[in-house]
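The values are calculated or read from the model by the stated rules, or taken from the named source; none is laboratory data. Model, not experiment: these values are computed from the prediction. As a convention, Cβ positions derive from the backbone with ideal geometry for all residues, glycine included, and neighbour counts pool all protein chains shown. The protein model used for the area step is the full one, side chains on, heavy atoms only, and it has no ligands, DNA or RNA in it. Shrake-Rupley method; radii C 1.70, N 1.55, O 1.52, S 1.80 Å.
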Amino acid sequence: ADKSSPLKAAVYVHKMNRELDAALAANPRQVDALLIQMMFCWKAPLLAGGNRRRALSIADYVVSFLPSWGNLAHARLLAGKGEDAQQESYLKKAAQADPSMVRPHLWLADLYCFQAESNRLDLAEKEARLALTIDSTAGPAFKVLAHVYATQKRWPDLEQVLAQADAAAPDDLSPYQSAAEALIEIGQDFNRAERYLQKYLTQQPEGHQPTHAQTHWLLADLY
């Protein structure tokens, strides 16, 4: 629906709602269906059925029976809104509700490192390390640590975490891109940054990883 003409979008929204209704009729607590419904209500225009108040009520409902995911849902709705303290609070509640869940720690690390108005690199490192104790292959944690260590010019730690990332998640080279971006931001060791960017270009990016075009722009800026 996001990528279609208004007429086709209406058809897709109708089909989506039909399937969501069927899923929730079978199980009113089906979390995946509820989260899709929540995000649709949050993002869609009013004329298409968007309703932010309803989105918040869905998140509250999920909290009532699965606090980990419900608090994550609230945090997701606040992402990019400048509500750092409130988002942090929801993520901490999610982590407390399910200590075995890696996602709250990854999101907290990302918040502290990249999103917050004032970066808190000590807390970003702490949360990334906690995430790796739960899932030793958690690629986003290596990305955060690489950025932190590059920013703080902790070269041995940086090389060590990149080696760990290579061993644990060889298909994810985003830690190299993250470290290079940090070096460019602080104006340090451009030769190292170039080496990391060239490494990133040796594999095709996946998912929401930076595109090769973005990497080439960074290299052009270095040159």
Scanning the stretch 34-43 residue by residue, those aliphatic (A, V, I, L, M) and farther than 12 Å from TYR61 by Cβ turn out to be ILE36, MET39
If you go through ASP60, ASP21, the only one that is within 26 Å of GLN96 (Cβ to Cβ) and in a helix (DSSP H, G or I) is ASP60
When restricted to ALA116, ALA167, ALA163, ALA95, the only residue more than 15 Å from the chain's Cα centre (by Cα), under 30 Å from ALA59 (Cβ atoms) and open to solvent by 10 Å² or more (accessible area, probe 1.4 Å) is ALA95
Check: Does GLN198 fit the bill of being surrounded by fewer than 21 Cβ atoms within 10 Å (Cβ to Cβ) and over 29 Å from LEU78 (Cβ atoms)?
Finding: yes
Return a yes/no flag: does the stretch 125-134 have any residue that is open to solvent by 50 Å² or more (accessible area, probe 1.4 Å), under 20 Å from LEU183 (Cβ atoms) and part of a helix (DSSP H, G or I). no
Within the stretch 25-51, of all residues that are part of a helix (DSSP H, G or I) and without any contact (Cβ under 8 Å) to a residue 12 or more places away in the chain, the one farthest from ALA97 (Cα to Cα) is LEU47
Residue pairs qualifying under the 7 Å Cβ cut-off, at least six apart or on distinct chains, with the first in the stretch 137-157 being over 18 Å from LEU111 (Cβ atoms) and the second being open to solvent by less than 70 Å² (accessible area, probe 1.4 Å) and assigned to a loop (DSSP other than H, G, I, E, B), are THR137/ALA169; LYS153/GLN188
How many residues of the stretch 118-140 are modelled with pLDDT of 95 or more, touching a Pro at 6+ places or on another chain (Cβ under 9 Å) and among the small types (Gly, Ala, Ser)? The answer is 2
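From the list VAL102, VAL62, which one is in contact with a Gly (Cβ under 6 Å, 6 or more places away or on another chain) and either open to solvent by 40 Å² or more (accessible area, probe 1.4 Å) or under 21 Å from VAL31 (Cβ atoms) (or both)?
Result: VAL62 is the single residue among VAL102, VAL62 that is in contact with a Gly (Cβ under 6 Å, 6 or more places away or on another chain) and either open to solvent by 40 Å² or more (accessible area, probe 1.4 Å) or under 21 Å from VAL31 (Cβ atoms) (or both).
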Contact list, first residue from the stretch 207-223 and more than 18 Å from GLN188 (Cα to Cα), second anywhere and of a type in the set (A, V, I, L, M) and surrounded by 14 or more Cβ atoms within 10 Å (Cβ to Cβ), beta-carbon distance below 7 Å, six or more apart or interchain, is HIS212/LEU201
GLU181 among the acidic types (Asp, Glu), open to solvent by less than 70 Å² (accessible area, probe 1.4 Å), at pLDDT 95 or above and under 23 Å from ALA131 (Cβ atoms): yes
